[in-house]
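The values are calculated or read from the model by the stated rules, or taken from the named source; none is laboratory data. Nothing here was measured: the structure is a model prediction, and the numbers come from that model. Neighbour counts run over all protein chains shown; Cβ positions are idealised from the backbone, glycine included. Heads up: the accessible areas ignore ligands, DNA and RNA and are worked out on the full protein's heavy atoms, side chains in. Shrake-Rupley method; radii C 1.70, N 1.55, O 1.52, S 1.80 Å.
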Amino acid sequence: MLAALGRACPCVIMRRLYFVLPSPLPAVFNADLHCHSTASDGLLPAADVARRAFANGVEMLALTDHDDLGGLAAARAVAEEVGMAFVNGVEISIEWEAMQIHILGLAFDAENEALNAGLAAIRSGRIERAHRMSDELAKVGIAGAFEGAMRYAENPSLISRAHFGRYLVETGICKDMRSVFESYLVPGRPGYVDHRWATLPDSIGWILGAGGIAVVAHPGRYKLNNRDMRRFLTDFKDLGGQAIEVMSGSHSVENVSVFGRLANEFGFLASRGSDFHGPVESYTDLGKLAPLPDGLKPVWEAF
Ligand code: AMP
Ligand code: MN
Ligand code: MN
Ligand code: MN
(Lines give C-alpha, C1' and ligand atoms only; values in the text may rest on other atoms or scores of the structure.)
(Ligands and ions follow the chains in the order given, each with its own letter.)
Protein backbone atom coordinates (compact mmCIF):
# COMPACT_ATOMS: atom_id res chain seq x y z
CA MET A 1 0.00 0.00 0.00
CA LEU A 2 2.71 2.46 1.00
CA ALA A 3 4.88 1.55 -1.93
CA ALA A 4 1.97 1.85 -4.35
CA LEU A 5 1.17 5.34 -3.11
CA GLY A 6 4.81 6.31 -3.48
CA ARG A 7 5.02 5.12 -7.06
CA ALA A 8 1.78 6.87 -7.92
CA CYS A 9 3.03 10.28 -6.85
CA PRO A 10 6.48 10.40 -5.28
CA CYS A 11 6.45 14.20 -5.02
CA VAL A 12 3.64 14.18 -2.48
CA ILE A 13 4.27 10.82 -0.83
CA MET A 14 4.80 12.36 2.59
CA ARG A 15 1.48 14.13 2.74
CA ARG A 16 -0.29 11.12 1.22
CA LEU A 17 1.33 8.74 3.70
CA TYR A 18 -0.44 10.40 6.54
CA PHE A 19 -3.67 8.91 5.35
CA VAL A 20 -2.30 5.43 5.89
CA LEU A 21 -0.34 5.94 9.09
CA PRO A 22 -2.28 5.50 12.32
CA SER A 23 -3.85 8.75 13.42
CA PRO A 24 -3.06 10.05 15.95
CA LEU A 25 0.42 8.61 15.72
CA PRO A 26 1.47 6.52 18.73
CA ALA A 27 3.31 8.46 21.43
CA VAL A 28 6.42 6.31 21.00
CA PHE A 29 6.76 6.77 17.26
CA ASN A 30 10.27 6.07 16.00
CA ALA A 31 10.96 9.15 13.89
CA ASP A 32 14.59 9.95 13.07
CA LEU A 33 14.63 13.34 11.38
CA HIS A 34 18.35 14.15 11.24
CA CYS A 35 21.11 12.11 9.58
CA HIS A 36 23.78 12.29 6.87
CA SER A 37 24.95 10.34 3.84
CA THR A 38 27.94 10.57 1.50
CA ALA A 39 26.02 13.37 -0.26
CA SER A 40 27.57 15.49 2.50
CA ASP A 41 29.81 14.26 5.34
CA GLY A 42 28.19 10.94 6.21
CA LEU A 43 30.04 7.66 5.70
CA LEU A 44 27.25 5.61 4.06
CA PRO A 45 25.51 6.16 0.71
CA ALA A 46 21.97 7.52 1.06
CA ALA A 47 20.32 4.19 0.15
CA ASP A 48 22.33 2.41 2.86
CA VAL A 49 21.35 5.04 5.42
CA ALA A 50 17.67 4.37 4.66
CA ARG A 51 18.19 0.59 4.82
CA ARG A 52 19.99 0.85 8.14
CA ALA A 53 17.27 3.14 9.53
CA PHE A 54 14.56 0.65 8.61
CA ALA A 55 16.57 -2.26 10.06
CA ASN A 56 16.92 -0.26 13.31
CA GLY A 57 13.14 0.19 13.57
CA VAL A 58 12.79 3.74 12.25
CA GLU A 59 9.19 4.41 11.17
CA MET A 60 9.78 7.84 9.65
CA LEU A 61 13.11 9.04 8.28
CA ALA A 62 14.37 12.41 7.09
CA LEU A 63 17.79 12.48 5.42
CA THR A 64 19.27 15.89 6.23
CA ASP A 65 22.58 16.29 4.42
CA HIS A 66 24.46 19.54 4.85
CA ASP A 67 23.53 22.13 2.20
CA ASP A 68 22.74 19.48 -0.45
CA LEU A 69 19.67 17.54 -1.61
CA GLY A 70 21.62 15.00 -3.70
CA GLY A 71 20.86 11.96 -1.51
CA LEU A 72 17.10 12.39 -1.16
CA ALA A 73 15.96 10.46 -4.23
CA ALA A 74 18.00 7.35 -3.39
CA ALA A 75 16.92 7.35 0.27
CA ARG A 76 13.28 7.87 -0.70
CA ALA A 77 13.42 5.01 -3.19
CA VAL A 78 14.55 2.61 -0.45
CA ALA A 79 11.97 3.97 1.99
CA GLU A 80 9.21 3.35 -0.53
CA GLU A 81 10.51 -0.14 -1.22
CA VAL A 82 10.54 -1.17 2.45
CA GLY A 83 7.43 0.81 3.51
CA MET A 84 9.02 3.42 5.77
CA ALA A 85 7.69 6.99 5.81
CA PHE A 86 10.19 9.45 4.37
CA VAL A 87 10.38 13.24 4.42
CA ASN A 88 12.76 15.46 2.52
CA GLY A 89 15.37 17.09 4.73
CA VAL A 90 18.40 19.36 4.64
CA GLU A 91 20.71 20.90 7.25
CA ILE A 92 21.57 24.46 6.27
CA SER A 93 24.78 26.12 7.52
CA ILE A 94 24.13 29.68 8.62
CA GLU A 95 25.85 32.32 10.69
CA TRP A 96 24.04 34.27 13.37
CA GLU A 97 26.02 36.97 15.11
CA ALA A 98 29.28 35.41 13.81
CA MET A 99 28.39 31.98 15.19
CA GLN A 100 27.89 28.93 12.96
CA ILE A 101 24.42 27.49 13.50
CA HIS A 102 22.54 24.73 11.69
CA ILE A 103 18.92 25.06 10.59
CA LEU A 104 17.09 21.94 9.43
CA GLY A 105 14.46 22.10 6.72
CA LEU A 106 11.91 19.27 6.75
CA ALA A 107 9.09 18.17 4.43
CA PHE A 108 9.76 20.70 1.65
CA ASP A 109 9.53 20.49 -2.12
CA ALA A 110 13.01 19.40 -3.23
CA GLU A 111 12.50 20.89 -6.69
CA ASN A 112 12.04 24.42 -5.35
CA GLU A 113 14.32 26.74 -7.33
CA ALA A 114 15.11 29.34 -4.68
CA LEU A 115 16.04 26.64 -2.15
CA ASN A 116 18.29 24.87 -4.66
CA ALA A 117 19.95 28.13 -5.72
CA GLY A 118 20.54 29.13 -2.10
CA LEU A 119 22.14 25.78 -1.26
CA ALA A 120 24.34 25.97 -4.37
CA ALA A 121 25.57 29.39 -3.21
CA ILE A 122 26.54 28.00 0.21
CA ARG A 123 28.38 25.07 -1.38
CA SER A 124 30.40 27.30 -3.69
CA GLY A 125 32.40 28.74 -0.78
CA ARG A 126 33.42 25.40 0.74
CA ILE A 127 36.37 24.48 -1.50
CA GLU A 128 38.03 27.85 -1.07
CA ARG A 129 37.51 27.60 2.70
CA ALA A 130 39.04 24.09 2.67
CA HIS A 131 42.22 25.45 1.05
CA ARG A 132 42.45 28.08 3.76
CA MET A 133 41.88 25.46 6.49
CA SER A 134 44.67 23.38 4.99
CA ASP A 135 46.99 26.43 4.95
CA GLU A 136 46.23 27.03 8.63
CA LEU A 137 46.97 23.39 9.51
CA ALA A 138 50.24 23.56 7.53
CA LYS A 139 51.31 26.43 9.81
CA VAL A 140 51.25 24.02 12.77
CA GLY A 141 53.13 21.34 10.85
CA ILE A 142 50.23 19.29 9.46
CA ALA A 143 50.94 18.76 5.77
CA GLY A 144 48.66 17.63 2.96
CA ALA A 145 45.37 18.26 4.76
CA PHE A 146 43.45 19.51 1.71
CA GLU A 147 44.25 16.39 -0.33
CA GLY A 148 43.84 14.17 2.72
CA ALA A 149 40.40 15.54 3.55
CA MET A 150 39.30 15.48 -0.10
CA ARG A 151 39.93 11.75 -0.24
CA TYR A 152 37.05 11.36 2.21
CA ALA A 153 34.69 13.70 0.35
CA GLU A 154 32.60 11.83 -2.15
CA ASN A 155 30.87 15.12 -2.92
CA PRO A 156 33.84 17.55 -3.14
CA SER A 157 31.58 20.62 -3.14
CA LEU A 158 30.53 19.55 0.36
CA ILE A 159 34.06 19.31 1.79
CA SER A 160 33.57 19.85 5.51
CA ARG A 161 35.35 19.91 8.84
CA ALA A 162 34.24 16.29 9.30
CA HIS A 163 36.41 15.24 6.32
CA PHE A 164 39.38 17.14 7.78
CA GLY A 165 38.65 15.45 11.10
CA ARG A 166 38.87 12.01 9.50
CA TYR A 167 42.25 12.95 8.02
CA LEU A 168 43.52 14.07 11.46
CA VAL A 169 42.42 10.71 12.91
CA GLU A 170 43.90 8.74 9.98
CA THR A 171 47.31 10.41 10.45
CA GLY A 172 47.26 9.66 14.19
CA ILE A 173 47.34 13.37 15.07
CA CYS A 174 44.04 12.89 16.92
CA LYS A 175 42.75 9.69 18.47
CA ASP A 176 39.09 10.19 17.50
CA MET A 177 36.63 12.75 16.16
CA ARG A 178 35.75 13.96 19.62
CA SER A 179 39.35 14.99 20.27
CA VAL A 180 39.58 16.55 16.80
CA PHE A 181 36.89 19.06 17.73
CA GLU A 182 38.51 19.75 21.09
CA SER A 183 41.95 20.59 19.71
CA TYR A 184 41.45 21.56 16.06
CA LEU A 185 39.00 23.10 13.57
CA VAL A 186 37.03 25.10 16.15
CA PRO A 187 37.35 28.83 16.94
CA GLY A 188 40.70 29.60 18.59
CA ARG A 189 42.26 26.29 17.49
CA PRO A 190 44.46 25.40 14.47
CA GLY A 191 42.58 24.83 11.23
CA TYR A 192 39.57 26.99 12.04
CA VAL A 193 38.63 29.50 9.35
CA ASP A 194 35.80 32.01 9.53
CA HIS A 195 33.31 31.60 6.75
CA ARG A 196 30.36 33.53 5.37
CA TRP A 197 27.46 31.09 5.48
CA ALA A 198 23.82 31.86 4.72
CA THR A 199 21.87 34.13 7.06
CA LEU A 200 19.07 33.06 9.37
CA PRO A 201 16.43 34.95 7.29
CA ASP A 202 17.80 33.35 4.07
CA SER A 203 17.61 29.82 5.42
CA ILE A 204 14.13 30.13 6.91
CA GLY A 205 12.90 31.96 3.80
CA TRP A 206 14.13 29.17 1.50
CA ILE A 207 12.59 26.44 3.67
CA LEU A 208 9.21 28.14 4.08
CA GLY A 209 9.21 29.14 0.40
CA ALA A 210 9.55 25.46 -0.49
CA GLY A 211 6.62 24.55 1.77
CA GLY A 212 8.76 23.11 4.57
CA ILE A 213 9.21 23.44 8.30
CA ALA A 214 12.32 25.14 9.78
CA VAL A 215 13.88 23.46 12.82
CA VAL A 216 16.85 24.55 14.98
CA ALA A 217 19.36 21.68 14.86
CA HIS A 218 21.00 20.51 18.13
CA PRO A 219 20.49 23.79 20.05
CA GLY A 220 22.55 22.38 22.94
CA ARG A 221 25.69 22.49 20.78
CA TYR A 222 25.86 26.28 20.51
CA LYS A 223 27.91 28.24 22.97
CA LEU A 224 25.12 30.69 23.79
CA ASN A 225 24.20 31.75 27.29
CA ASN A 226 20.57 31.67 28.36
CA ARG A 227 19.91 35.28 27.37
CA ASP A 228 21.51 34.95 23.91
CA MET A 229 19.79 31.61 23.28
CA ARG A 230 16.45 33.31 23.99
CA ARG A 231 17.36 36.17 21.62
CA PHE A 232 18.27 33.65 18.94
CA LEU A 233 15.05 31.66 19.43
CA THR A 234 13.04 34.89 19.33
CA ASP A 235 14.66 35.87 16.00
CA PHE A 236 14.06 32.34 14.69
CA LYS A 237 10.38 32.42 15.69
CA ASP A 238 9.82 35.96 14.35
CA LEU A 239 11.11 34.81 10.96
CA GLY A 240 8.68 31.86 10.85
CA GLY A 241 10.75 29.07 12.46
CA GLN A 242 8.45 26.46 13.99
CA ALA A 243 10.45 23.75 15.73
CA ILE A 244 13.61 22.87 17.66
CA GLU A 245 15.40 19.58 18.14
CA VAL A 246 14.87 18.41 21.70
CA MET A 247 16.16 14.86 21.26
CA SER A 248 19.50 14.94 19.44
CA GLY A 249 22.46 12.57 19.34
CA SER A 250 24.61 15.36 20.73
CA HIS A 251 22.26 16.40 23.58
CA SER A 252 22.92 15.65 27.21
CA VAL A 253 20.08 14.78 29.60
CA GLU A 254 20.23 18.35 30.81
CA ASN A 255 20.02 19.72 27.24
CA VAL A 256 16.86 17.64 26.70
CA SER A 257 15.17 19.12 29.74
CA VAL A 258 16.28 22.71 28.99
CA PHE A 259 15.18 22.60 25.35
CA GLY A 260 11.96 20.73 26.15
CA ARG A 261 11.04 23.59 28.46
CA LEU A 262 12.07 26.22 25.90
CA ALA A 263 10.03 24.46 23.18
CA ASN A 264 6.90 24.79 25.28
CA GLU A 265 7.69 28.32 26.39
CA PHE A 266 8.20 29.51 22.80
CA GLY A 267 5.39 27.37 21.35
CA PHE A 268 7.78 25.34 19.19
CA LEU A 269 7.16 21.85 17.90
CA ALA A 270 9.76 19.33 19.11
CA SER A 271 11.96 17.24 16.82
CA ARG A 272 14.01 14.10 17.29
CA GLY A 273 17.08 13.18 15.26
CA SER A 274 20.19 11.08 15.81
CA ASP A 275 22.52 13.22 13.62
CA PHE A 276 23.97 9.90 12.52
CA HIS A 277 27.05 10.29 10.28
CA GLY A 278 28.32 6.72 10.27
CA PRO A 279 28.84 3.53 12.25
CA VAL A 280 31.57 3.77 14.93
CA GLU A 281 32.05 7.51 14.34
CA SER A 282 28.62 8.60 15.61
CA TYR A 283 27.62 8.35 19.26
CA THR A 284 24.01 7.51 18.38
CA ASP A 285 22.83 5.09 15.72
CA LEU A 286 19.77 5.67 13.53
CA GLY A 287 16.51 5.26 15.43
CA LYS A 288 18.24 4.60 18.77
CA LEU A 289 17.52 7.85 20.60
CA ALA A 290 15.11 7.87 23.53
CA PRO A 291 11.58 9.02 22.65
CA LEU A 292 10.58 12.66 22.95
CA PRO A 293 9.68 13.48 26.55
CA ASP A 294 5.97 13.69 27.38
CA GLY A 295 4.25 17.03 27.12
CA LEU A 296 5.84 18.12 23.84
CA LYS A 297 4.15 18.45 20.46
CA PRO A 298 6.09 16.33 17.92
CA VAL A 299 7.05 18.11 14.71
CA TRP A 300 5.91 15.14 12.61
CA GLU A 301 2.30 15.83 13.55
CA ALA A 302 2.60 19.00 11.43
CA PHE A 303 3.79 17.34 8.20
P1 AMP B 1 31.41 22.32 8.48
O2 AMP B 1 30.03 22.28 7.90
O3 AMP B 1 32.47 22.14 7.44
O4 AMP B 1 31.66 23.50 9.35
O5 AMP B 1 31.58 21.02 9.38
C6 AMP B 1 30.72 20.76 10.43
C7 AMP B 1 30.68 19.27 10.68
O8 AMP B 1 31.77 18.89 11.49
C9 AMP B 1 29.45 18.86 11.46
O10 AMP B 1 28.36 18.67 10.61
C11 AMP B 1 29.90 17.58 12.08
O12 AMP B 1 29.84 16.54 11.13
C13 AMP B 1 31.34 17.87 12.38
N14 AMP B 1 31.47 18.37 13.76
C15 AMP B 1 31.46 19.65 14.19
N16 AMP B 1 31.62 19.72 15.54
C17 AMP B 1 31.74 18.43 15.96
C18 AMP B 1 31.95 17.81 17.22
N19 AMP B 1 32.08 18.54 18.34
N20 AMP B 1 32.02 16.47 17.27
C21 AMP B 1 31.93 15.73 16.14
N22 AMP B 1 31.72 16.25 14.92
C23 AMP B 1 31.64 17.58 14.83
MN1 MN C 1 28.23 16.79 9.65
MN1 MN D 1 24.81 20.07 12.64
MN1 MN E 1 23.82 17.05 11.23
Contour excess over end-to-end distance, with Cα ends at Glu301 and Tyr222 and 0.36 nm allotted per residue: 25.8 nm
Acute angle (nearest 10 degrees) that the helix 113-124 long axis makes with the longest principal axis of the chain, alpha-carbon atoms: 20
Nearest 10 degrees, 0 to 90: helix 226-238 Cα axis against the chain principal axis: 50
The chain - accessible surface per residue (Å², probe 1.4 Å): 43
By average C-beta atoms within 10 angstrom, highest first, the peptides 162-168, 221-227, 62-68: 62-68, 162-168, 221-227
Portion, in percent, of the accessible area of the range 128-183 that falls on carbon or sulfur, probe 1.4 Å: 50
Length gained when the stretch Glu128-Tyr192 is fully extended (0.36 nm per residue, less Cα-Cα span): 21.7 nm
Theoretical ellipticity at 222 nm over the chain - DSSP helices of four or more residues, -39500 (n - 2.57) apiece, nearest 500: -11500 deg cm²/dmol
C-alpha long axis of helix 126-139 to longest principal axis of the chain, angle in °: 40
Prolate/oblate/rounded label for the range 128-183 (Cα gyration tensor, a/c 1.5): oblate
